[in-house]
Every structure is written in C-alpha cells, then in structure tokens.
Amino acid sequence: MNKISTLYVYELKKIAKRKIVWITGIIMLILCLFLGFSDLVSTSTYYGETAVSGYEAMKINKNNAKSFSGRVIDDTLLREMQVEYRNRENGEIINHSSPQGEQVSVFSGSYEDNENVFTGKYAPIHSYVQQIINDRDLTLDISSDELYATREKEISQSNTDQKLTEEENTYWASKELLIQKPFVYEYTDGWSNIWTYAYTVNYILFLFLAICLSSTFSIEHLRKTDAIILCSQYGKTRLYFAKILAGITFGITSAILFFGTTALSSIFVYGADGFHAALQIAFPMSSWAVSVGESILIFLLTFVAISVLYSSTIMVLSELLKNSVAVMAIPVGTMILTMMIDIPYQFRIASQIYDLLPTNLLVAWELWDNRLISVFGKYFTNYQIAPIAYLTLAILLAVVGKIIYQKHQIYAR
C-alpha cells in the first residue's frame with residue numbers, strides 16, 4: 001500500500017507540475033469566471049432614447065425581482081402586472097430609479113415595439129408568465145388558474161412528444177403532487193444561471209483534461225522509457241493504478257475548481273438569493289420536486305462523475321494510441337459532432353442514449369426531459385442513473401486499459 005501511495009503522489013505531481021497544465025488551467029478558470037460577467041458587457045437600451053449598460057440593466061431587473069420574493073404567484077400578483085402593462089400599452093410613461101438613484105424613463109411608444117427590452121417593475125413576473133404561455137396577448141388576461149392549467153397542458157404535450165409510456169406519466173403525476181402550488185416567487189438568477197453555463201463548463205472541462213492527461217501514458221512511449229518502466233518491479237501493476245488514480249484525482253479536482261469558479265462568479269454578480277426556491281420558479285416546465293439549490297447539488301454530483309469518466313477515457317486512449325495529439329483530437333471531434341447532431345424524440349431509445357452522453361447531459365432543458373429508465377421495475381431519471389453509469393463505465397475502461405498496458409510488448413528499436 002505504501003508503494004502505491006508513493007507512486008500515486010509522484011504521478012500526481014508529474015501531472016500538476018507541467019507548465020501546460022498551469023497555463024491552460026489559468027485560461028480555463030478565467031473563462032469560467034467570465035461566464036458570470038458575460039451578460040454585463042453588452043448595452044441594454046431602455047424605451048425611448050435612454051440607454052444603460054448591461055450591468056445597470058441587471059441591477060434594475062434584480063431589484064425588481066427581489067421586490068417580489070416571497071409573494072405567491074396568484075391572481076393578485078398577475079392583476080398588478082397586467083394593469084402596469086396595459087398602462088404601458090396605452091403609452092403612459094413611468095419612471096424608475098436607476099442604481100445610481102437617477103430617474104430613468106423606461107417607456108415611450110408602443111408596447112408591441114418594445115416588449116423585448118421592457119425593464120419595468122413587473123418585468124420579472126411578465127417574463128415568468130411568458131415562459132409558460134409564450135403569448136403576449138394572453139399574458140395580459142390570464143388568471144392564476146389558467147396559468148397553472150396551461151403549464152400542466154404544456155408538460156403533458158411535452159411528455160407526449162417525448163413518447164412517454166403510461167407508467168412514466170403516472171410517475172411524473174405523482175411527483176407533481178409533491179410540488180407546492182401556487183408557486184412562491186423568488187429571485188434565483190445567481191443559482192439558476194449555473195445551469196445556463198453548464199454546457200460551456202462541461203466542454204471546458206473535457207478540453208482541459210484532454211490537454212493535461214493525453215500524455216499520461218503516451219509520453220513513456222514517446223521518450224522510449226516504456227521498456228525500463230515495464231521491466232521494473234511495479235511497472236506493470238501498481239504503477240498503472242497509481243497513474244489512473246492520479247489522473248482521476250486531477251479530473252475531480254479540476255471539475256470542482258471549474259464548478260466553484262463558475263458558481264462564485266454567478267453568485268457574485270447576481271446574488272445568492274433563491275437557493276431554497278422551488279425549481280419551477282427558475283424552470284417552470286420541470287416536474288422535479290426539488291429546490292433550485294438541490295438541483296445545483298445534483299449538477300455538481302453529475303459533473304464530478306463526468307470528470308471521472310473523462311479522465312479514465314483519456315488515459316486509456318493515451319495508452320491505446322500512444323500519441324497525445326491523436327488523443328486530444330478525439331475530444332475535439334466529439335464536441336464538434338455532438339454540437340452538430342441531434343436525434344429527435346421519435347427515435348426514443350436512440351435519442352435517450354444520445355442525450356445520456358456526458359457531453360450532452362449537462363444542459364438546462366434536461367431538467368424537463370421526463371424520459372425515465374426502468375431497472376428491475378424501478379424508474380430513474382437521467383440524472384439519477386447517469387452518475388452510476390459513468391462510474392461503472394470508468395471502472396470498465398480502467399480494467400481494459402490495464403489489460404492493454406500489461407500486454408504491451410517492447411520491440412527492437
């Protein structure tokens with residue numbers, strides 16, 4: 001055991017001390033940090049001729065949204081929003097204070113021409129309602145009963161499109177009963193935006209690990225030190241496991257760092273409010289009976305499991321191909337391929353398997369993908385089964401890699 005731990009620490013240091021790891025790692029961390037600030041670099045134009053920065057627009061929207069925190073989304077709140085929007089449709093001008101305390105005119109002209117840049121007090125409620133019904137005219141007349149009925153209808157239609165079975169529909173109907181209605185509004189952007197960044201952070205991790213771990217085994221063949229290593233006392237046994245464990249440790253650490261940087265960036269910009277809010281406040285079409293914060297913890301667990309699979313796959317490819325450039329080309333090709341291809345729901349099995357790929361799973365719309373996986377009569381969501389599947393596959397890859405590693409023969413050079 002002491003021999004393995006010594007080799008493990010040594011291999012971990014070998015990975016961490018490389019200059020390309022530090023250079024690439026700093027760049028990737030900066031990219032993760034930038035995600036939270038990305039929406040602030042643009043200019044948001046108010047109604048009329050007044051224009052403010054993306055930061056000022058965010059502050060106004062944040063203050064407006066927080067003013068409704070704790071309020072039930074019922075007829076009273078909907079009527080207040082509808083009255084304000086009707087006033088704006090009639091051409092009334094209403095002033096609001098900017099973050100600097102200045103009075104800013106936020107409306108001039110027709111509602112139809114300016115609805116996409118509306119930043120009035122009730123904009124967060126208006127935006128939330130439109131996520132459910134996506135109809136401007138109906139938004140100004142809908143009641144709370146109609147709003148929740150529309151949501152149920154849209155979820156039902158989505159389930160039909162996803163080819164859900166009767167058992168799956170029954171499962172989600174039972175989950176809907178656990179969700180408290182009417183919903184209580186909370187400002188959740190600091191946490192829910194992490195799901196918006198998930199796809200990008202996932203690819204950043206994949207690319208980073210491909211760069212840093214692709215030479216774990218191939219460098220031995222490149223430098224022609226493989227003969228010495230494989231003939232040594234622990235060259236074909238403990239060294240392999242030490243390398244695999246070191247690479248997985250590095251992958252997990254990288255995933256936590258990238259997640260933490262992204263989360264801190266988002267929370268710094270948008271605030272930490274809404275951790276305990278119902279997930280339906282951030283993503284109305286989801287039927288998960290969890291809070292926004294719990295969904296983020298699920299994301300983190302899945303992200304860590306993905307990092308283990310990425311690390312194992314890259315290191316096994318490093319031994320199989322014996323060329324770090326070839327190993328790096330595979331993740332790049334995979335990223336391009338998955339961005340270009342989409343399998344429709346009509347091909348239920350193929351589509352679900354494709355969406356379970358680690359490069360595809362971490363996207364916000366998977367939160368309302370209600371296709372389940374049955375195991376011995378028990379149903380599991382994609383996010384429940386994926387970490388187990390990824391870790392199992394990582395173990396199988398490690399075993400295959402060990403066989404390839406031990407069977408490698410040194411020929412005359």
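Read-outs throughout are calculated quantities, based only on the coordinates presented, and are distinct from any laboratory measurement. Remember, predicted model here, so these are calculated numbers, not experimental data. Here the Cβ is made from the backbone with ideal geometry for all residues, glycine too, and neighbour counts use every protein chain on show.
Tabulated data
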quantity: Unit charges on C-beta of K, R, D, E only; dipole of the stretch 258-366, Debye; calculated: 200 debye
quantity: Two-site label geometry, residue 27 and residue 300: point separation in nm, points 7 Å out along Cα→Cβ; calculated: 2.9 nm
quantity: Per-q log10 I(q)/I(0), the stretch 119-224, q = 0.15, 0.19, 0.24 Å⁻¹ (Debye; single scatterer per alpha-carbon; no solvent); calculated: -0.89, -1.16, -1.29
quantity: Those residues of the stretch 318-333 whose amide nitrogen sits under 14 Å from the label point placed on residue 357, 7 Å along Cα→Cβ; calculated: 330-333
quantity: Theoretical gain in end-to-end length, residue 337 to residue 160 [0.36 nm per residue, Cα-Cα removed]; calculated: 61.0 nm
quantity: Stretchable slack from residue 256 to residue 138, in nm (0.36 nm times residue separation minus alpha-carbon distance); calculated: 38.1 nm
quantity: Additional length obtainable on full extension of the chain from residue 19 to residue 41, 0.36 nm per residue less Cα span; calculated: 4.8 nm
quantity: Inter-label distance for residue 407 and residue 10, nm, one decimal - labels placed 7 Å from Cα along Cα-to-Cβ; calculated: 2.7 nm
quantity: Bins of 5 Å from zero: percent of alpha-carbon pairs in the stretch 344-387; calculated: 5, 22, 34, 27, 10, 2
quantity: Packing-based ranking, highest mean first, of 129-140, 331-342, 351-362 given that Cβ atoms within 10 Å are counted; calculated: 351-362, 129-140, 331-342
quantity: Calculated FRET value between residue 395 and residue 146, using beta carbons and R₀ = 45 Å, to 0.05; calculated: 0.30
quantity: Dimensionless Rg/Rh of the stretch 259-404 - Kirkwood Rh, Rg from C-alpha atoms; calculated: 1.01
